[in-house]
Amino acid sequence: MSSTGKDNYYVPEGSQWPIIAASGVFVLLFGFVLWVNGINVGTWMMVIAAFWMAWLFKGWFTDVIDENLTGKYNAQVDKSFRQGMFWFITSEVFFFATFFGCLYYLRTITLPYLGGEGYLATSNILWEGFQYSWPMAAIPDAGAGLGGKTFTVPKEAMGAGGLPLWNTIILLTSGATLTYAHWGLKKENNNQLVIGLVLTVVLGATFMVLQGVEYGHAYAEMDLTLNSGIYGSTFYMLTGFHGMHVTIGTIMLIAMTGRAMKKHFTSHNHFAFEGVAWYWHFVDVVWLGLYVFVYWL
Amino acid sequence: MSTEVAHDDHHHGPPKGIGRWLFSTNHKDIGTMYLIFALVMLFLGGASAMMLRAELLYPGVQILDPDLYNNLLTNHALIMVFGMVMPAAAGMANWMIPLMIGAPDMALPRLNNLSFWLLPFAGTMLIISMIAPYIFGDTPVNTGWTLYPPLSVQAGIGMDFTIFTVHILGISSILASINIVTTIVNMRAPGMGYFNMPLFVWAWLLTGLLLIMVMPVLAGGVTMLLFDRHFGTAFFDAAGGGDPVLFQHLFWFFGHPEVYVLLLPSIGVLGLVVPTFSRKPLFAYKPLVYSMMLLTALGMVVWAHHQYTVGMSEAVTTYFMIGTILISIPVGYMLFSFIFTMWRGSMTFETPMLFAVAIVLMFSFAGVTGVMLAVVPADLQYHDTYFVVAHFHYALIPGAVFGLYAGVFYWLPKWTGHMYDEKLGKIFFWWTTISFNLTFFPQHFSGLAGMPRRIVDYSAIFMEFNFISSISAFAFGASHLLFLYIIIKTIKGGEKAGDMPWDGAQIGTPGLEWTVSSPPPFHTFEQPPAVIKQS
């Protein structure tokens, strides 16, 4: 340990985890490239990298938790973690803003333009008679995608009622149960903390199952796939990346539940819990945007 | 303002062996690794530029196959932007920011190491993207660094590697920026207010914020590219209801702020070098900071001036034109701030100062051609000609690269404990400056005469200009061998440097870097120093 005494900012001695993380990312992405290009060894590289990364996350976080429990972090270190998490979530906000921005752009500029409206397009220039609508009932030229791609028109659009509505209720409730857990933490009531976290994990998992059911239904019965032109593309990109974040959030919540059961958190030392809670609320807010702009409008 | 600093350093040295570098959590070691990586990439990117200029020496296709030419063009840009300028600036941030603000290290030291070690892996993947197409019999990545569809959707396996290179570089930049911003906000020594920070720290605070906001957009854009290539989506394909222009918006939403990401750290270096060698406080420090903020904000909302010719409505192009021209206000403010700092100062012209003066002059050229290019009807004529190539090389080489050279010469004594060879430094300055100008100034003329960029061949009427450009480019490239020699010579020995090697460095808003020895001990400021202000 390089700094002595609790008043000093803790600077860890060398750590093997960063370079393990960098090499894991490299192998994972290398494997992914080979896999999408139909080279089999890529699949194995991805599997190995997945285990590699799981080991990495466990190891790195174990180190951090040990340092925390042995009291090496002072208030300033805690603040660094909080600010780091804040800026990380900011970058995530911009990542999702990208896809929302694309959705607005395509709906308000590209599609009217293809349909013959707008400044330069006084009629259909590329595809005569193409009428635009949203959700898309027609595709400009289903057989003429780049590189021989073909598109299929979905039989129906994803409605806002039914499963998506249930999922909205589930995610909003999970935000409430997480806050209930937080209240428990503040009162140093560990039982309330654990119960709140378990409920949140269950709700998060339910959301993911329902989302899976919805995808299955869309693929099998509605012909709504990644190939369904721009409607399918934006639908799966936005909901898919959101679902990925819910999955990560749920895994983090499970880890927090384990730590809460071991009584790691006190009313004034619980950055990990709060960081995960911020992340979960962020994922929650993104869903509200999705529900309004992808499912409803 | 004068600062009084009390600190107590424990003198234990670095760990032994390769582990010191692989597992490092020390901001100075990680800064050194960043700088060495940038230097290697400078030569790699430079070598590709030399090959391009060798091909352009005469009209006709002599050495490079057209696809390979476009591949080298793509890699030259990616390597120089992501592999050279950004890591060099990040290396300086790593080295200097904790020293300047009196922090024991970066706020998140392990994350810092991850940000660095992602870079060599990204560099490896970029090289694989060059080689893979030959193994698989595909066309090389020939899109230019902008990766525009539809060409990038149709390209071979190399493009997938390029996409993931961009992803790894993006992760690295975002993590580094999170770390730098957190360090500046949370780790300042007691008494070091925001407006006591050296300008370099301010510049990096804004750069970090920009990267946190725009890097994810590029990541999103290339992810959509990947999905269009392999998973049947139609984001950039009009036949499926998508739009190739959408990618241009995403790319330039990142790409234009990226210009300021490259520029601001160098402006920060100027903010230290100019007062030091003029022996006067920085003129109008606070308004200069505000103008950098304005630049950052305006830089986020003017991206589409790169796409005037794609058929946007008149209202949209007019907005982007006005926004772009407005940027000349904060940039002009900065340049005048530096000029007024020099005004009636006791100036001496050591190598960093020579670079600083050259930047003020030559970056103004880029500013002037920038205003020309911002005007829509004029740009319709200049678009995609060598005029644009000349413009952005004037913006990026004096604006970013010369600023980094000034920083290297300014801080080499602090980093190594030795003074560099002033005579060789001055030779390097004149050699690069003259050869740079002879390389890129003629391109203004060939561009105005209509020579298109990104094409392996050109009409024989442009021959003289290209011949001058190529010969000077070889001289410009060769000058960097001298740069390398000066650096190695300084590391190996030379006149001992004091704690404050520049006598003007304490003027204005100095950081705490001058209160530690040269080179600094392995750990500095383990106990926070107290900065006592006397205003």
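Would you be able to say whether some residue in region A:37-56 is of a type in the set (F, W, Y), closer than 20 Å to B:I128 by Cα and either assigned by TED's automatic domain parsing to the domain that holds A:M256 or not in a loop (DSSP other than H, G, I, E, B) (or both)?
Of the residues in region A:37-56, the ones of a type in the set (F, W, Y) are A:44, A:51-52, A:55.
Okay, now just the ones that are also closer than 20 Å to B:I128 by Cα, so A:44.
If we keep only those that are either assigned by TED's automatic domain parsing to the domain that holds A:M256 or not in a loop (DSSP other than H, G, I, E, B) (or both) too, we end up with A:44.
Within region A:37-56, one or more residues are of a type in the set (F, W, Y), closer than 20 Å to B:I128 by Cα and either assigned by TED's automatic domain parsing to the domain that holds A:M256 or not in a loop (DSSP other than H, G, I, E, B) (or both).
Being polar (S, T, N, Q), more than 22 Å from B:N113 (Cβ to Cβ) and modelled with pLDDT under 95 is the requirement here; does A:N37 meet it?
Working: polar (S, T, N, Q): yes; more than 22 Å from B:N113 (Cβ to Cβ): yes; modelled with pLDDT under 95: yes.
Yes; evaluated as a whole, the condition is true for this residue.
Looking at region B:374-410, which of its residues are in a helix (DSSP H, G or I), more than 16 Å from the chain's Cα centre (by Cα) and surrounded by fewer than 23 Cβ atoms within 10 Å (Cβ to Cβ)? So that I can check it myself, show each step before the final result.
First, the residues of region B:374-410 that are in a helix (DSSP H, G or I): B:374, B:376-382, B:386-410.
Restricting the remaining residues to those that are more than 16 Å from the chain's Cα centre (by Cα) gives B:374, B:376-382, B:386-390, B:409-410.
Across region B:374-410, the qualifying residues are B:A374, B:V376, B:P377, B:A378, B:D379, B:L380, B:Q381, B:Y382, B:V388, B:V389.
State all residues of region B:335-356 that are surrounded by fewer than 21 Cβ atoms within 10 Å (Cβ to Cβ) and part of a helix (DSSP H, G or I); if no residue qualifies, say none.
B:L335, B:F336, B:I339, B:F340, B:M342 - these are the residues of region B:335-356 that are surrounded by fewer than 21 Cβ atoms within 10 Å (Cβ to Cβ) and part of a helix (DSSP H, G or I).
Could you please find all residues in region B:103-115 being more than 7 Å from chain A (Cβ to nearest Cβ) and touching a Gly at 6+ places or on another chain (Cβ under 8 Å)?
Step one: of region B:103-115, the residues more than 7 Å from chain A (Cβ to nearest Cβ) are B:103, B:106, B:111-112, B:115.
Result: B:L111, single match.
Tell me which residues, restricted to region B:306-342, are closer than 30 Å to B:K280 by Cβ, of a type outside the set (A, V, I, L, M) and in contact (Cβ under 8 Å) with a residue 60 or more places away in the chain. So that I can check it myself, show each step before the final result.
Here is the first cut: in region B:306-342, the ones closer than 30 Å to B:K280 by Cβ are B:326-342.
Retained after the next criterion (residues that are of a type outside the set (A, V, I, L, M)): B:328, B:330, B:332-333, B:336-338, B:340-341.
Of everything in region B:306-342, those that are closer than 30 Å to B:K280 by Cβ, of a type outside the set (A, V, I, L, M) and in contact (Cβ under 8 Å) with a residue 60 or more places away in the chain turn out to be B:F338, B:T341.
Is it true that A:W17 is buried (at least 16 other Cβ atoms within 10 Å of the Cβ), farther than 21 Å from A:D66 by Cβ, assigned by TED's automatic domain parsing to the domain that holds A:V64 and touching a helix residue (DSSP H, G or I) at 6+ places or on another chain (Cβ under 9 Å)?
Values: buried (at least 16 other Cβ atoms within 10 Å of the Cβ): yes; farther than 21 Å from A:D66 by Cβ: no; assigned by TED's automatic domain parsing to the domain that holds A:V64: yes; touching a helix residue (DSSP H, G or I) at 6+ places or on another chain (Cβ under 9 Å): yes.
No.
Scan region B:485-510 residue by residue and report those that are closer than 30 Å to B:F440 by Cβ and surrounded by fewer than 14 Cβ atoms within 10 Å (Cβ to Cβ).
Taking region B:485-510 first, the residues closer than 30 Å to B:F440 by Cβ are B:485-490.
Those that are closer than 30 Å to B:F440 by Cβ and surrounded by fewer than 14 Cβ atoms within 10 Å (Cβ to Cβ): B:Y485, B:I488.
In region B:316-328, is there at least one residue being crowded, with 21+ Cβ neighbours inside 10 Å and within 23 Å of B:I434 (Cβ to Cβ)?
no
Of all residues in region A:11-22 being part of a helix (DSSP H, G or I) and at the interface with chain B (Cβ under 7 Å from one of its Cβ atoms), which is farthest from A:T62 (Cα to Cα)?
A:A22
Please work out if A:G147 is out of contact with any Lys or Arg (no Cβ under 6 Å at 6 or more places or on another chain), surrounded by fewer than 16 Cβ atoms within 10 Å (Cβ to Cβ), more than 8 Å from chain B (Cβ to nearest Cβ) and over 30 Å from B:L210 (Cα atoms).
On the way: out of contact with any Lys or Arg (no Cβ under 6 Å at 6 or more places or on another chain): yes; surrounded by fewer than 16 Cβ atoms within 10 Å (Cβ to Cβ): yes; more than 8 Å from chain B (Cβ to nearest Cβ): no; over 30 Å from B:L210 (Cα atoms): yes.
Answer is no for this residue.
Specify the residue that is nearest to A:T206 (Cα to Cα); the eligible residues are those in region A:228-245 that are among the aliphatic types (A, V, I, L, M) and more than 10 Å from chain B (Cβ to nearest Cβ). Let's see the steps before the verdict.
Step one: of region A:228-245, the residues among the aliphatic types (A, V, I, L, M) are A:230, A:237-238, A:244.
So of that shortlist, the ones also more than 10 Å from chain B (Cβ to nearest Cβ) come out as A:238, A:244.
Numbers: A:L238: 19, A:M244: 14 Å.
Ranking the candidates gives A:M244 first.
In region A:122-131, is there at least one residue being crowded, with 16+ Cβ neighbours inside 10 Å, in contact (Cβ under 8 Å) with a residue 40 or more places away in the chain and either touching a strand residue (DSSP E or B) at 6+ places or on another chain (Cβ under 9 Å) or of a type in the set (A, V, I, L, M, F, W, C) (or both)?
Checking region A:122-131: not a single residue is crowded, with 16+ Cβ neighbours inside 10 Å, in contact (Cβ under 8 Å) with a residue 40 or more places away in the chain and either touching a strand residue (DSSP E or B) at 6+ places or on another chain (Cβ under 9 Å) or of a type in the set (A, V, I, L, M, F, W, C) (or both).
Please count how many residues of region B:452-482 are hydrophobic (A, V, I, L, M, F, W, C), assigned to a helix (DSSP H, G or I) and crowded, with 19+ Cβ neighbours inside 10 Å. Before the answer, list the steps.
Start the filter on region B:452-482 by keeping residues that are hydrophobic (A, V, I, L, M, F, W, C), which leaves B:455-456, B:460-463, B:465, B:467-468, B:471, B:473-476, B:478, B:481-482.
Next, only the ones that are assigned to a helix (DSSP H, G or I) stay: B:460-463, B:465, B:467-468, B:471, B:473-476, B:478, B:481-482.
When the remaining residues are screened for being crowded, with 19+ Cβ neighbours inside 10 Å, the result is B:462, B:465, B:473, B:476.
Total meeting the criteria: 4.
Return yes or no: is B:K426 of a type in the set (D, E, K, R), touching a helix residue (DSSP H, G or I) at 6+ places or on another chain (Cβ under 8 Å) and either touching a residue at least 40 places away in the same chain (Cβ under 8 Å) or at negative phi (or both)? It would help to see each step written out before you state the result.
Working: of a type in the set (D, E, K, R): yes; touching a helix residue (DSSP H, G or I) at 6+ places or on another chain (Cβ under 8 Å): yes; either touching a residue at least 40 places away in the same chain (Cβ under 8 Å) or at negative phi (or both): yes.
Taking the combined requirement at face value, the residue satisfies it.
Out of region A:95-108, which residues are crowded, with 20+ Cβ neighbours inside 10 Å and without any contact (Cβ under 8 Å) to a residue 12 or more places away in the chain?
If the condition is that a residue be crowded, with 20+ Cβ neighbours inside 10 Å and without any contact (Cβ under 8 Å) to a residue 12 or more places away in the chain, then A:T98 is the only one that fits.
Scan region B:24-72 residue by residue and report those that are assigned to a loop (DSSP other than H, G, I, E, B), hydroxyl-bearing (S, T, Y) and farther than 27 Å from B:R453 by Cβ. Show your work before the answer.
The first filter runs over region B:24-72 and keeps only residues assigned to a loop (DSSP other than H, G, I, E, B), leaving B:24-26, B:57-65.
Imposing the further condition that a residue be hydroxyl-bearing (S, T, Y) reduces the set to B:24-25, B:58.
Within region B:24-72, B:S24, B:T25 meet the criteria.
Kindly provide the set of residues from region B:150-173 that are farther than 17 Å from A:V36 by Cα, modelled with pLDDT of 95 or more and at the interface with chain A (Cβ under 9 Å from one of its Cβ atoms), ordered by number. Reasoning before the result, please.
So in region B:150-173, the residues farther than 17 Å from A:V36 by Cα come out as B:150-151, B:166, B:168-173.
So of that shortlist, the ones also modelled with pLDDT of 95 or more come out as B:166, B:168-173.
Once the filter is applied, which keeps residues that are farther than 17 Å from A:V36 by Cα, modelled with pLDDT of 95 or more and at the interface with chain A (Cβ under 9 Å from one of its Cβ atoms), region B:150-173 yields B:I168, B:I171, B:S172.
Restricting the search to region B:127-143, which residues are within 12 Å of chain A (Cβ to nearest Cβ) and under 21 Å from B:F251 (Cβ atoms)?
B:S129
Exactly one of (1) in contact with a helix residue (DSSP H, G or I) (Cβ under 9 Å, 6 or more places away or on another chain); (2) polar (S, T, N, Q); (3) surrounded by fewer than 24 Cβ atoms within 10 Å (Cβ to Cβ); (4) away from chain A (no Cβ under 14 Å) is unmet by B:T124. Its number?
Of (1) in contact with a helix residue (DSSP H, G or I) (Cβ under 9 Å, 6 or more places away or on another chain); (2) polar (S, T, N, Q); (3) surrounded by fewer than 24 Cβ atoms within 10 Å (Cβ to Cβ); (4) away from chain A (no Cβ under 14 Å), only one is false for B:T124: (4).
Looking only at region A:114-128, count how many residues are modelled with pLDDT of 80 or more and within 11 Å of chain B (Cβ to nearest Cβ). Spell out how you get there, then give the answer.
Within region A:114-128, the subset modelled with pLDDT of 80 or more is A:114-117, A:126-128.
The next check asks that each one be within 11 Å of chain B (Cβ to nearest Cβ); those that pass are A:114-115, A:126-127.
Residues that pass the stated criteria total 4.
Taking the stated definitions as given, is A:F32 among the hydrophobic types (A, V, I, L, M, F, W, C) and either away from chain B (no Cβ under 11 Å) or in contact (Cβ under 8 Å) with a residue 24 or more places away in the chain (or both)? Let's see the steps before the verdict.
Details: among the hydrophobic types (A, V, I, L, M, F, W, C): yes; either away from chain B (no Cβ under 11 Å) or in contact (Cβ under 8 Å) with a residue 24 or more places away in the chain (or both): no.
Against the criterion (among the hydrophobic types (A, V, I, L, M, F, W, C) and either away from chain B (no Cβ under 11 Å) or in contact (Cβ under 8 Å) with a residue 24 or more places away in the chain (or both)), A:F32 does not qualify.
Quick one: how many residues across region A:129-144 are facing chain B (nearest Cβ under 10 Å) and either under 19 Å from A:Y219 (Cβ atoms) or assigned to a helix (DSSP H, G or I) (or both)? Spell out the reasoning first.
Initial filter on region A:129-144 (facing chain B (nearest Cβ under 10 Å)): A:130, A:132, A:134, A:136, A:138-144.
Applying the additional criterion that residues be either under 19 Å from A:Y219 (Cβ atoms) or assigned to a helix (DSSP H, G or I) (or both) yields A:136, A:139, A:142.
Result for region A:129-144: 3.
Looking at the structure I just gave you, is B:F227 without any contact (Cβ under 8 Å) to a residue 24 or more places away in the chain, part of a helix (DSSP H, G or I) and either hydrophobic (A, V, I, L, M, F, W, C) or within 9 Å of chain A (Cβ to nearest Cβ) (or both)?
Details: without any contact (Cβ under 8 Å) to a residue 24 or more places away in the chain: yes; part of a helix (DSSP H, G or I): yes; either hydrophobic (A, V, I, L, M, F, W, C) or within 9 Å of chain A (Cβ to nearest Cβ) (or both): yes.
Criteria met by B:F227.
Could you go through region A:38-52 and let me know if any residue there is of a type in the set (V, I, T), surrounded by 15 or more Cβ atoms within 10 Å (Cβ to Cβ) and at the interface with another protein chain (Cβ under 10 Å from one of its Cβ atoms).
Pass one, region A:38-52, residues of a type in the set (V, I, T): A:39, A:41, A:43, A:47-48.
Now drop any that are not surrounded by 15 or more Cβ atoms within 10 Å (Cβ to Cβ), which leaves none.
No, there is no match, as no residue in region A:38-52 is of a type in the set (V, I, T), surrounded by 15 or more Cβ atoms within 10 Å (Cβ to Cβ) and at the interface with another protein chain (Cβ under 10 Å from one of its Cβ atoms).
So, B:Y148, is that one assigned to a helix (DSSP H, G or I), surrounded by fewer than 24 Cβ atoms within 10 Å (Cβ to Cβ) and of a type in the set (S, T, Y) or not? Steps first, answer last, please.
Values: assigned to a helix (DSSP H, G or I): no; surrounded by fewer than 24 Cβ atoms within 10 Å (Cβ to Cβ): yes; of a type in the set (S, T, Y): yes.
It is false that B:Y148 is assigned to a helix (DSSP H, G or I), surrounded by fewer than 24 Cβ atoms within 10 Å (Cβ to Cβ) and of a type in the set (S, T, Y).
Residues of region B:367-401 being of a type in the set (G, A, S) and closer than 22 Å to B:F200 by Cα, which ones? Before you say what the answer is, go through the steps one by one.
Step one: filter region B:367-401 for residues of a type in the set (G, A, S), giving B:367, B:370, B:374, B:378, B:390, B:395, B:399-400.
Once the filter is applied, which keeps residues that are of a type in the set (G, A, S) and closer than 22 Å to B:F200 by Cα, region B:367-401 yields B:G367, B:A395, B:G399, B:A400.
With small (G, A, S), in contact with a Lys or Arg (Cβ under 9 Å, 6 or more places away or on another chain) and away from chain A (no Cβ under 14 Å) as the only criterion, which of B:G498, B:G450, B:G493, B:G417 stands out? If you could, list the steps in order and put the result at the bottom.
Details: B:G498 fails: in contact with a Lys or Arg (Cβ under 9 Å, 6 or more places away or on another chain); B:G450 fails: in contact with a Lys or Arg (Cβ under 9 Å, 6 or more places away or on another chain); B:G493 fails: in contact with a Lys or Arg (Cβ under 9 Å, 6 or more places away or on another chain).
That would be B:G417, the only listed residue that is small (G, A, S), in contact with a Lys or Arg (Cβ under 9 Å, 6 or more places away or on another chain) and away from chain A (no Cβ under 14 Å).
The values are calculated or read from the model by the stated rules, or taken from the named source; none is laboratory data. In this text, all values refer to a predicted model and were calculated from it rather than measured experimentally. When we count neighbours, we look across all protein chains shown, and the Cβ atoms used for this are built from the backbone with ideal geometry, even at glycine.
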